[in-house]
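Notes follow once the structure below has been shown.
The values are calculated or read from the model by the stated rules, or taken from the named source; none is laboratory data. The shown structure was predicted, so the numbers you read here are calculated from the model rather than taken from an experiment.
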Amino acid sequence: MKLTLIAGDPDSVPENSPTLYKTDRGSWVVQGWVVTDPEALASLKLPEGETVVEIPDRMIQFFQ
């Protein structure tokens, strides 16, 4: 999978994380904060092999 950097969070110092990437497979990779809230995770009913990350609203502008 080839990743192309789209944007790092401009308000995050010093690492520009969360970060948004476009793949060469017609998908997105989002780097963000690990969601650990048990109630939130239980409500998502995530299948084996999947996880979720949290990003701030200010990152949505970078989705094309």
* Unique residue being among the charged types (D, E, K, R), over 11 Å from the mean Cα position of the chain (by Cα) and at pLDDT 95 or above when the list is 11, 24 -> 24
* Top-ranked residue in region 27-64 [being among the hydroxyl-bearing types (Ser, Thr, Tyr) and closer than 19 Å to residue 1 by Cα; ranked as farthest from the chain's Cα centre (by Cα)] -> 27
